[in-house]
Amino acid sequence: MRKRFKMSTDQTYMLKLGVNTLAWSGLLAFFLCSFRGAQGDFPQQFMINMYLAITAVMIVGFGVSSWRIVHRDYKKPVCRESFLSGAWLLFCAVLSAVGMEYICNPSFSDLSLHYLIWNIYYSVWLFLVLWLIFNSSRLAVAVGCIFYFIWAVAAYYVQTFRGQPLQLIDIKSFGTAMDVASGYEFEPTKQMIFAAAVVGCITISSCFAGKRKIAKSLPGKTGVRIGGAVLLLAGVLFIRTYDMQGQQGVVLDRYTPSLTYQSCGNQVSFYAFAKDMIQDKPEGYKAENLGEITAGYTQSDSGKNQVKPHIIAIMNESFTDITLNGKHPITLNEPYLPNLRTIQAESISGDLLVSTFGGGTAKSEYEFLTGNSMMSLPFQSVPYVQYVTHDQPSLVSTLKAQGYEALAVHPGEYNSWRRDKAYAFMDFDSYIYYDDFEGLDRVRGYYTDLACYQKIMSLLNDDSSDKPKFIFNVTIQNHGGYGVTDMENTVRMEGQTDEGVNQYLTLTKMSDDALGWLIGELRNYPEPVLVVFFGDHWPNLDTNSINSILGTTEEQRSASPELANEMYTVPYFIWANYSIEHISGQTTSLNYLGSMMLEQTGLQIPVYNQYLRGLRAQIPAINYASYLTADGTLHLLEEENEWTSVLNGYRYLQYNNLFDYKHLANDIFYLQNP
């Protein structure tokens, strides 16, 4: 006779508690997901009171039902230990969620209960996953608390040093962050010290806690760990599919994402932005219809001159005019941009809209080199890191097809922002990086702009090849971390007590001096040379200092695209030692600048760049959040208006260029028989 399977008392007890926990968690999750959609026209305060009351009833209901299960078997040590282990794990999960906000959310005291519960919900999920995977509550608690502490500290320093919150893409850019970490001072806060002490106590306590396992047999352990993997995947699927913006009112502030983190909490915001990072095929995209978008544009030369010059493109790290051409006047002890002003007056020059602030350099160089815009990509994405995994049409391919030698110059680490791979896919001939600058000048540990320009001149004077040169230089001198105390800040702003601002102004003056030296060398250079110069983004200065310079608050900028774009505006110029147009005050954006550069030569221009010339006539400037039309009106990208179809055409071309490379429209992006 077959022996019937019978569960032990311990197994029955754990099953009852597990089913009870899942039932109440599911009920609470359903309530959280549906609450905002059920508000209707009820007064806000009434709904808040109802929300608190229903949440309290659910928590009490869970406690009562759990106690009823525990009460009968609580005197048995095995059951008591299991109950206490689960209670301790849930307590530490809640503590970790709260502690994270305590460390890195300056508006923690204003965080609504609604979003706090959502952040706790995510913590409980991860702690339960760890419990099942490790088959041990004490190990899950120790690892979970340490993980959340490290996450919170990393989030604090990323926000402090870069002016942008920690996002998913930063994990993939960890190596780049480590390359520049030495330029910053990591001073722990009192919140970190207190939290570290608490985490230390919890970890030590966990080491001496009981060794109670959920399962002891090999099949049982395997089943529990499979359950942990299933729970992990279920959570990821929830994050991937659930609409936090529509259902829970999470507003992804793309101009000031830190405000989203402050109002909704770090975990809710982190996962909401991560979901937004997924790139889907644009609705209506068909590769075979791209020719209709570029109809009327053909490959041709610029028609402006017949010069085939050496081309030097300089993207200057954190370089901007914080006065915005005098719009926000400041008083300094000496002028800090005299050479820039002089050069702009004899160039095509003006303001440039960029798509990043305080960091994300690689986004700016991607826009310049490819003609693509961050407007069609997830806000926090970095194309070099995520998407450039195949041959990439760019200025490099256009120039090399016409006999140029393409050289990339950056005095930083070889693989920062995955440049070594991205430059190879763009087909640069050589990449001159940190190791090639030995013996040249440094400041704050970074090679100076003058060192870069000296290297450029040596490359230009190298006559080992008779090909014209395209030299693309990304400087590093002005990189963030403006708190170095052993540097004399010679440029000082009247009334400014923040030495970080004075140090940035001093560095910018050094950049201006180096720029004056380079243009002086090129004025009498015996061969034609075209120079394109632009900043990659604003520096990450202290928020209070930026507020005082611009005369606005973070909240005001978040509410006004016009004000917000002031922190996404940098200067540019296109200068040549031969005759070109002199046009000042042109506002444009990085995605157009490469095409504008080609227009000042006698080179052939691909269909895509001709298309961009036509698009610029209608929409002179675009960045990741807004665009400027020819009549001077600034629009947000999410607006539905007469420009939507025009922008969709641009999105389709970019999708083909970057993602649908198996069906790449070569006749649009590459020169045909140059």
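The values are calculated or read from the model by the stated rules, or taken from the named source; none is laboratory data. None of these values were measured; they are calculated from a predicted model. Cβ: placed from backbone, ideal geometry, glycine included. Neighbour counts: every protein chain shown. Ligands, DNA and RNA are stripped out before the accessible areas are found, and what is left, the full protein with its side chains, is counted by its heavy atoms. Shrake-Rupley method; radii C 1.70, N 1.55, O 1.52, S 1.80 Å.
Observations
- One way to sum up the overall shape of the stretch 624-669 is the equivalent ellipsoid from its Cα gyration tensor, whose semi-axes run 26, 10, 9 Å, largest first.
- The packing ranking of peptides 104-112, 630-638, highest mean first, is 104-112, 630-638, where packing means the average number of other beta carbon atoms within 10 angstrom of each residue.
- In the stretch 249-367, the C-alpha radius of gyration followed by the widest Cα-Cα span (Dmax) gives 21.4, 60 angstrom.
- Largest first, the residues K467, K662 sort by 1.4 Å accessible area into K662, K467.
- Looking at the stretch 523-609, the chymotrypsin sites (Phe, Trp or Tyr not before Pro) that sit in a DSSP loop and have at most 13 other Cβ atoms within 10 Å of their own Cβ are Y578.
- Computed with a 1.4 Å probe on the full set of protein chains, the accessible area for V94 sits at about 60 Å².
- Relative to the globular-protein estimate of 2.2 N^0.38 Å, the Cα radius of gyration of the stretch 303-453 stands at 1.17.
- Whole-number Å³ per residue for the convex hull built on Cα positions in the stretch 532-659: 146
- If you model the stretch 362-421 as an ellipsoid using its alpha carbon gyration tensor, with each semi-axis the square root of five times an eigenvalue, the axes come out at 20, 16, 10 Å, biggest first.
- Subset of K363/K467; K308/K400; K327/K363 violating a 18 Å alpha-carbon distance limit: K363/K467; K327/K363
- Taking all protein chains into account, the per residue accessible area for the stretch 538-636 stands at 30 Å² (1.4 Å probe).
- Length-normalised contact order of the stretch 333-480 in % [C-alpha pairs under 8 Å, at least 6 apart]: 22
- From the Kirkwood radius over Cα pairs of the stretch 385-473, Stokes-Einstein at 4 °C and 1.567 mPa s returns a whole-number translational diffusion coefficient of 93 µm²/s.
- At 1.567 mPa s and 4 °C, Stokes D of the stretch 500-598 from Kirkwood alpha-carbon radius, µm² per second: 81
- In Å, descending, principal axis extents of the Cα set of the stretch 594-674: 40, 33, 18
- Taken one residue at a time, the phi angles of the stretch 383-394 give Karplus couplings (6.51, -1.76, 1.60, θ = phi - 60°) of x, 3, 7, 9, 10, 7, 10, 7, 4, 10, x, 6 Hz. Gly and Pro are set to x.
- Taking the protein heavy atoms of the stretch 298-420 in the context of the full set of protein chains, the accessible area attributed to carbon and sulfur is 47 percent at 1.4 Å.
- Accessible area per residue for the stretch 292-437, computed on protein heavy atoms with a 1.4 Å probe, is 31 Å².
- Rounded to whole Hz, the Karplus (6.51, -1.76, 1.60) HN-Hα couplings of the stretch 547-553, x for glycine and proline: 4, 6, 6, 8, x, 9, 9
- The accessible-area ordering, largest first, of the residues R492, R613 stands as R492, R613, per a 1.4 angstrom probe.
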